[in-house]
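Colleague: This is the structure, below, for whatever I ask next.
The values are calculated or read from the model by the stated rules, or taken from the named source; none is laboratory data. Quick caveat: nothing in here was measured; it's all calculated off a predicted structure. For neighbour counting, all protein chains shown are included, and Cβ atoms are generated from backbone atoms with ideal geometry for every residue, glycine included.
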Amino acid sequence: MIRIQKGTKDMLPQEAYKWHYLEGKIREITKLFGFLEIRTPTFEATELFQRGIGETTDIVNKEMYTFEDKGKRSITLKPEGTASVVRSYIENSIFNVYNPAKMYYITPVFRYERPQSGRLREHHQFGVEIFGSDSYIADLEVIMLGYHFFKSLGISDVRLHINNIGCSKCRIDYNKALKEFYHKNLDSLCSLCKERLDKNPIRILDCKELGCSNINQHAPKISDYLCEDCKNHKQSLYNALEKCGIDYIDDKKIVRGLDYYTGTVFEFISPSLGAQSTVCGGGRYNNLVSEIGGNKTPCVGFGLGLERLIMVMEQLSLFVGEKENSQVYIIDVSENEKMPSYLLANTLRANNIATDINLLTKSVKAQMKYANKQKFNYVIVIGEDEVKNGIYTLKSMLNDSDFTGTINEIISFIKNNK
């Protein structure tokens, strides 16, 4: 037997309604905030992620699915959504159509990491991006979208943790201070962080290894090195959050796990997930467009994993609906009624009434049992008399009542009782 690959998961028919519900909420909230959808390919040139995400990140060093295609090109399955959107923004000159450009995506992403609860090698990401605005209001916009999205789902326990990790100007002195600090504590660093030290020392702050984590408690704080522009941007955003009634935690430990972040960084954290509690993360990446080959463009956005979000919603019992069913199930008494049953189903479907039929050889009792198990709203039993007279009995599976009439009367009854 061929089994599913480790770190992947089937979406089963009985679970599909959860995804439909969530994707519907995503489209509602993005429309409310004026974001338009963008879809990018599943794979890209490897260089895009090396330049965009950063060669000092775990994603590039350890987790990317990279292969050589038949044209001897290095190709990588998309490990996150932002770099591909930036590539498309530049390549398709989206800035000539929308400025600022406000886009969202729902996409599969691939990372070779140790599978654990809510963290798969193939998972799905919802993200939003704003290109072209350096205003703190753009930061506020993506945070507010995330806040209202969680609120619309009924998730009340998420908390906003936020920080500012500075621009390239103030990061010069900060990186120097970090290097001096970590060189004094070199023996406590893991092997990967020793490699990061000279390339991008701020990445060490995001390391989860015990030795590095302990040392990081005493590392220099970026807040002590912010330039005036970054200080003003940070304070303006915090003031705006307060005016909008958004509680936040000024969290000096938030640096995010990708090299492209500059300035504002934030996470929405849910205690429902325990140790792995981040359900959404984002921030500014003002240098990414130019690093990938475009003009210098300020950008801000966030991304969240849908599998992890579904876990939170399941733990909080927030899926109030059930899987979607057809409204009507047609039961045939014998093989002679199969074609008349199908024609009746066609008529109902033509009138926008979802209808299912029996495709097997089953008794009426077995078909009724199936209809009850699958929670259809109505059943119609088709026998010799129904075919001959064109009069049908619609049986409600909700209250055990019956309605008898012609097909047109049946259609009117169903539409009037939705």
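Colleague: So for segment 264-271 (the condition being closer than 24 Å to Phe110 by Cα, assigned by TED's automatic domain parsing to the domain that holds Ile94, surrounded by 19 or more Cβ atoms within 10 Å (Cβ to Cβ) and touching a Cys at 6+ places or on another chain (Cβ under 6 Å)), does at least one residue qualify?
Modeller: yes
Colleague: Right, next: Somewhere in segment 235-242, is a residue within 25 Å of Val60 (Cβ to Cβ) and crowded, with 22+ Cβ neighbours inside 10 Å?
Modeller: No, segment 235-242 has no match at all.
Colleague: So which residues in segment 196-209 are in a helix (DSSP H, G or I) and surrounded by fewer than 15 Cβ atoms within 10 Å (Cβ to Cβ), if there are any at all?
Modeller: Asp198, Lys199 - these are the residues of segment 196-209 that are in a helix (DSSP H, G or I) and surrounded by fewer than 15 Cβ atoms within 10 Å (Cβ to Cβ).
Colleague: How many residues does segment 210-230 contain that are over 13 Å from Lys176 (Cα atoms), surrounded by 21 or more Cβ atoms within 10 Å (Cβ to Cβ) and in contact with a strand residue (DSSP E or B) (Cβ under 8 Å, 6 or more places away or on another chain)?
Modeller: Residues meeting the conditions: 2.
Colleague: Among the candidates Phe49, Phe95, Phe33, Phe43, which residue alone is among the aromatic types (Phe, Trp, Tyr) and buried (at least 21 other Cβ atoms within 10 Å of the Cβ)?
Modeller: Within the list Phe49, Phe95, Phe33, Phe43, the selection yields Phe49.
Colleague: For residues that are touching a residue at least 12 places away in the same chain (Cβ under 8 Å) and touching a Ser or Thr at 6+ places or on another chain (Cβ under 7 Å), tally how many sit in segment 328-357.
Modeller: 9
Colleague: Given the criterion crowded, with 17+ Cβ neighbours inside 10 Å, of a type in the set (Val, Ile, Thr) and in the same structural domain as Glu267 (by TED's automatic domain parsing), identify the matching residue among Ile310, Ile382, Ile357, Ile353.
Modeller: Ile310
Colleague: Given Arg203, Arg284, which one is in contact (Cβ under 8 Å) with a residue 12 or more places away in the chain, basic (Lys, Arg), in contact with a helix residue (DSSP H, G or I) (Cβ under 8 Å, 6 or more places away or on another chain) and in the same structural domain as Leu140 (by TED's automatic domain parsing)?
Modeller: Exactly one of Arg203, Arg284 is in contact (Cβ under 8 Å) with a residue 12 or more places away in the chain, basic (Lys, Arg), in contact with a helix residue (DSSP H, G or I) (Cβ under 8 Å, 6 or more places away or on another chain) and in the same structural domain as Leu140 (by TED's automatic domain parsing), namely Arg284.
Colleague: Find the helices (runs of 4 or more DSSP H) located wholly in segment 222-339 whose residues include 3 or more that are at pLDDT 95 or above and of a type in the set (Lys, Arg), and list them.
Modeller: 228-243
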